[in-house]
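Here is the structure we will look at, set down as structure tokens.
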Amino acid sequence: MLDAGRTRAGVAADATRGLLVTGAAEVVTLAGGLRRGRAQGDPVIAPSGTAVACLDGWIVAVGPAPEAEEALASALAAAGRDSGAFDRLDASGATLTPGLVDAHTHLLFAGSREDEVVMRARGRTYLEILAAGGGILSTVRATRAASEAVLLAHGRRWLGQMLRTGTTTVEAKSGYGLDVPTELRLLAAAGRLAAEGPVDVIPTFLGAHAVPQEVRDAHPGDPAAATEAYVSAVIAEQLPAVAAQGIARSCDVFCEAGVFTADQARRILLAARTLGLDVRLHADELAPSGGAELAAELGALSADHLGSPSPEGIQALAAAAETGRPVVAVVLPTVPWFLGLPAREPARELIEAGVPLALATDFNPGTSPVTSLPLAMTAAILTLRLDPSEALVATTVNAAAGLGLRDRGALLPGLRADLVAWDVPTHVQIPYWAGSDLVRAVVARGRVLPNA
Ligand SMILES: [Zn+2]
């Protein structure tokens, strides 16, 4: 069980004191990698008395406290350091889990759209809100006008909120620029926030989020031509600039009837892949649009939303998982909740079909201004009939896999020292105390961050 003395070369600049976390009432390791089907509900609870030892940002041992302490002392000695010079975190009575991973957010934008909530409450439709100057294009206007400093301050504020609810890794999409300079500025800001820490930020390019107003205006009365022209611009102008900048890890497309077709998404994502980016997509949020099928065809890292996948789409995702090319279904349960709509995501059906499931917040100013993954877990349990163990798997190891990250999402030697001590005796209570502040401490890259 112990893997003593493990240190990594090249982390000296980021050296941290050793850390020993002891006394937890429950240690949930999530060992075993991406899971699906019945295993989706198996979070793996360590024997009581298990401690976690960390050094230089990595977990060095998970095991009985005396052995973990010994492993930490030997790791320090092996690095030529004082074997007794480490900190202790007393997690008595707490539940210890890996840091949560939010696999789908639109972290960076300017402005807010609280007026639309009132409009919806008064029965105004999406199109009426759009006609009143609201919707996604209003965020695009505000974001284009925002300086990098404003975007960074906004990002730090909301990453801080996410950290306070246990999230240590956040995927962040661009997509509120819809032109080369703003898309690059958003990705640069995401990269800068990742470098600052303590929350790790994983940037995704989402130029194909919507068709910008100037392109619509250039094709009056012909929205299909406008969309086609914009797809060409994403492929010919935005993608090469994004790839040259080198910050984005993956490319996403909003594949939905009336937005971008599966064929347009395929062209964009294949172009992205030839430039070295991983691919993922917003798939079938509102209507079956061939998104799930396309995700399986392309071997995408994830297919997200899935409010209305076709039966063939679910089958295609199940077949992909069966043949060893799993596409993670990233379900976003706070979106229908915030829009006051019934939840349609077939989460249970996906699990039963053997599709690995993740949950994310979809943090964005229009449909989910929600930063808390525990709240998304609560929504998944109440509206999609997940159980708490399935929801924890969906926000740790499966979410990390959906981002293509193998170095986190579980408490295992050799993985990043990202962990959370929750002020509850079992993980089953994390989503139960809906909306409560349960985080006692967060450890990010081996550093203890008090819950401010
Ligand atoms: Zn989204």
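The values are calculated or read from the model by the stated rules, or taken from the named source; none is laboratory data. Bear in mind the structure is a predicted one, so any value in this text is a computation, not a measurement. Glycine gets a Cβ as well: all are built from the backbone with ideal geometry, and neighbour counts include every protein chain shown. With ligands, DNA and RNA removed, areas are computed over all heavy atoms of the protein, side chains included. Shrake-Rupley method; radii C 1.70, N 1.55, O 1.52, S 1.80 Å.
For the reader, a short list of remarks on this structure follows.
- Within the range 239-287, considering residues that are under 16 Å from Ala190 (Cβ atoms) and open to solvent by less than 10 Å² (accessible area, probe 1.4 Å), the one farthest from the ligand (Cβ to nearest atom): Val242
- Residues of the range 307-331 satisfying the condition of being under 15 Å from Ile351 (Cα atoms) and either in contact with a Gly (Cβ under 8 Å, 6 or more places away or on another chain) or in contact (Cβ under 8 Å) with a residue 60 or more places away in the chain (or both): Pro309, Gly313, Ala318, Ala320, Ala321, Glu322, Pro326, Val327, Val328, Val330, Val331
- Boolean, Asp407 is among the charged types (D, E, K, R) and more than 16 Å from the ligand (Cβ to nearest atom): yes
- Complete set of residues in the range 76-89 that are within 32 Å of the chain's Cα centre (by Cα) and crowded, with 17+ Cβ neighbours inside 10 Å: Phe86, Leu89
- Filtered residue count, the range 245-289, keeping only those that are hydrophobic (A, V, I, L, M, F, W, C), part of a loop (DSSP other than H, G, I, E, B) and over 22 Å from the mean Cα position of the chain (by Cα): 4
- The test for being within 16 Å of the ligand (Cβ to nearest atom), open to solvent by less than 10 Å² (accessible area, probe 1.4 Å) and farther than 30 Å from Val420 by Cβ does not hold for Thr182.
- The condition of being away from the ligand (no atom under 16 Å from the Cβ), within 24 Å of Ser112 (Cα to Cα) and among the hydroxyl-bearing types (Ser, Thr, Tyr) holds for only one of Thr169, Thr204, that being Thr169.
- Checked against (1) at pLDDT below 95; (2) in contact with a helix residue (DSSP H, G or I) (Cβ under 9 Å, 6 or more places away or on another chain), Ala257 passes all but a single condition, namely (2).
- Test: residue in the range 73-81 that is away from the ligand (no atom under 16 Å from the Cβ) and either among the aromatic types (Phe, Trp, Tyr) or out of contact with any Ser or Thr (no Cβ under 8 Å at 6 or more places or on another chain) (or both): yes
- Applying a threshold of 9 Å to beta carbon distances and a minimum spacing of six or more residues, or different chains, the list of pairs starting in the range 407-422 at a residue that is touching a residue at least 24 places away in the same chain (Cβ under 8 Å) and closer than 27 Å to Ser436 by Cα and ending at one that is of a type in the set (Phe, Trp, Tyr) and in a loop (DSSP other than H, G, I, E, B) is empty.
- Filter result for Glu214 (among the charged types (D, E, K, R), more than 16 Å from the ligand (Cβ to nearest atom), over 21 Å from Phe363 (Cβ atoms) and over 14 Å from the mean Cα position of the chain (by Cα)): yes
- Those residues of the range 386-396 which are within 14 Å of Gly37 (Cα to Cα) and not hydroxyl-bearing (Ser, Thr, Tyr), in sequence order: Leu386, Asp387, Glu390, Ala391, Val393, Ala394
- Residues in the range 98-119 that are open to solvent by 10 Å² or more (accessible area, probe 1.4 Å) and touching a strand residue (DSSP E or B) at 6+ places or on another chain (Cβ under 8 Å): Phe109 alone.
- Taken as a whole, the range 150-159 holds at least one residue that is within 16 Å of the ligand (Cβ to nearest atom) and surrounded by fewer than 24 Cβ atoms within 10 Å (Cβ to Cβ).
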